[in-house]
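Novice: Have a look at this one.
No lab work stands behind these numbers, since they all come straight from the coordinates. Bear in mind that the values here come from a model prediction, so they are computed numbers and not experimental data. Here Cβ is always computed from backbone atoms with ideal geometry, including for glycine, and neighbour counts include all displayed protein chains.
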Amino acid sequence: MTDPIADMLTRIRNSLLIHESVVRIPFSNMKYTIAKILKNEGFIGSVERLDRDPRSFVVRIEYGKDSEAALRDLRRVSKPGRRVYASKESLPRVLNGQGIAIISTSSGIMTDKEARKRKVGGEVLCEVW
């Protein structure tokens, strides 16, 4: 059994290691939503659906003048073999608020900060810093 979210995170992590700025990822609504959250939080440059290939989307990673990306690392928390859930009181804080946790809630996929604001818990998909 493969884990599509872990595959997406690994593709992004590998592109960071070789300083590649464009990553092509097979499309799913969940992965696309996670990528849009990463863009809105400033970790990646852009997310685009391709007209010529609707089965994938492209993530662009922007590097600064010192060739450092805003994104340092990503870690899958909840896995198919071991699901990790957090109540609204026990949502994780990543690096004391410098990073984010992406949570799948009954109200949709959102960051840990937004989940705290809405007072909902859910499955902790991944942590990003």
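Residues are listed down the side, and each one gets a yes or a no for (1) closer than 24 Å to R13 by Cβ; (2) under 18 Å from the mean Cα position of the chain (by Cα):
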site	(1), (2)
P54	no, no
R60	yes, yes
R93	yes, yes
S107	no, yes
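Novice: Can you tell me which residues in region 74-103 are of a type outside the set (K, R), closer than 18 Å to K31 by Cβ and surrounded by 14 or more Cβ atoms within 10 Å (Cβ to Cβ)? Talk me through it step by step, then tell me what you get.
Specialist: Kept after step one, since they are of a type outside the set (K, R), are these residues of region 74-103: 74, 77-78, 80-81, 84-87, 89-92, 94-103.
Right, trim to closer than 18 Å to K31 by Cβ and you get 74, 77-78, 80, 100-103.
Scanning region 74-103 gives L74, V77, S78, I100, A101, I102, I103.
The rows are residues; the columns are (1) assigned to a helix (DSSP H, G or I); (2) not basic (K, R).
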residue	(1), (2)
I37	yes, yes
V58	no, yes
D66	no, yes
L71	no, yes
R75	no, no
K88	no, no
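Novice: Answer yes if at least one residue in region 18-37 is farther than 17 Å from V124 by Cα, out of contact with any strand residue (DSSP E or B) (no Cβ under 7 Å at 6 or more places or on another chain) and of a type in the set (G, A, S), and no otherwise.
Specialist: yes
Novice: Here is a follow-up. In this structure, does V58 turn out to be among the β-branched types (V, I, T), closer than 17 Å to R24 by Cα and surrounded by fewer than 17 Cβ atoms within 10 Å (Cβ to Cβ)? Step through it out loud before you land on a result.
Specialist: Numbers: among the β-branched types (V, I, T): yes; closer than 17 Å to R24 by Cα: yes; surrounded by fewer than 17 Cβ atoms within 10 Å (Cβ to Cβ): yes.
Yes, satisfied.
Novice: Working only within region 90-124, note down all residues that are of a type in the set (A, V, I, L, M, F, W, C) and outside any helix (DSSP H, G or I).
Specialist: Of region 90-124, the ones of a type in the set (A, V, I, L, M, F, W, C) are 91, 94-95, 100-103, 109-110, 115, 120, 124.
Correct list: L91, V94, I100, A101, I102, I103, I109, M110, V120, V124.
Novice: Let me spell it out: the conditions are (1) in contact (Cβ under 8 Å) with a residue 60 or more places away in the chain; (2) out of contact with any Ser or Thr (no Cβ under 8 Å at 6 or more places or on another chain); (3) within 23 Å of T2 (Cα to Cα); (4) of a type outside the set (F, W, Y), and T111 meets all of them except one. Which number is the exception?
Specialist: Here T111 clears every test but (3).
Novice: In region 59-81, which residue that is in contact (Cβ under 8 Å) with a residue 40 or more places away in the chain and of a type in the set (A, V, I, L, M) is farthest from V23 (Cα to Cα)? Break it down stepwise before answering.
Specialist: Applying the first criterion (in contact (Cβ under 8 Å) with a residue 40 or more places away in the chain) to region 59-81 yields 59, 61-63, 67, 69, 71-80.
Remaining after also requiring of a type in the set (A, V, I, L, M): 59, 61, 69, 71, 74, 77.
Details: V59: 5, I61: 8, A69: 14, L71: 14, L74: 15, V77: 22 Å.
Ranking the qualifying residues of region 59-81, first place goes to V77.
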